[in-house]
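A quick write-up on the structure given underneath.
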Amino acid sequence: MNKHIVVFITTGSKEEADMLSRGLVEERLAFCVNTIPAIQSTYYWGDKLCVDEEILLIVKTQSQKFEALEAWVCKNHSYDVPEVIALPIVQGSPPYLKCIDDWVEQ
């Protein structure tokens with residue numbers, strides 16, 4: 001298993017994106033969270049096709065933090081079923097990966 005991961009989380013508002021981003025970093029569940037405003041999400045929910053404007057959070061952390069990160073997001077997110085998906089970081093700049101480790105392992 002890869003030690004480092006990128007986690008995608010979508011939100012419906014800038015305020016929620018800011019709250020989640022700050023909380024994840026302050027709780028040391030993530031080293032860095034990038035916020036990408038104004039993405040369009042097309043999905044199937046509640047027996048209908050939905051198209052909504054959302055904000056995408058790109059979270060950098062360690063794979064060992066995923067369960068705690070997911071639990072924290074589910075507790076603090078407004079969606080009934082928030083998107084919290086992880087992808088492995090296959091390669092990365094060693095100094096940057098060390099920054100992830102130095103922050104989330106403390």
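Since every read-out is calculated from the coordinates, none of them should be taken as a lab result. Keep in mind it's a predicted model, so treat the numbers as computed, not measured. When we count neighbours, we look across all protein chains shown, and the Cβ atoms used for this are built from the backbone with ideal geometry, even at glycine.
Observations on the model:
- Any chance Glu15 is closer than 17 Å to Cys74 by Cα and exposed (fewer than 15 other Cβ atoms within 10 Å of the Cβ): yes
- For the stretch 79-93, the tally of residues that are under 16 Å from Tyr43 (Cβ atoms) and of a type outside the set (Val, Ile, Thr) stands at 4.
- For the stretch 70-104, a tally of residues being among the acidic types (Asp, Glu) and surrounded by 11 or more Cβ atoms within 10 Å (Cβ to Cβ) returns 3.
- Pairs where the first residue, in the stretch 26-48, is on the phi > 0 side of the Ramachandran plot and the second is surrounded by 12 or more Cβ atoms within 10 Å (Cβ to Cβ), C-beta under 9 Å, 6+ apart: Arg28/Lys65; Arg28/Trp103; Arg28/Val104; Ala38/Glu54; Ala38/Ile55
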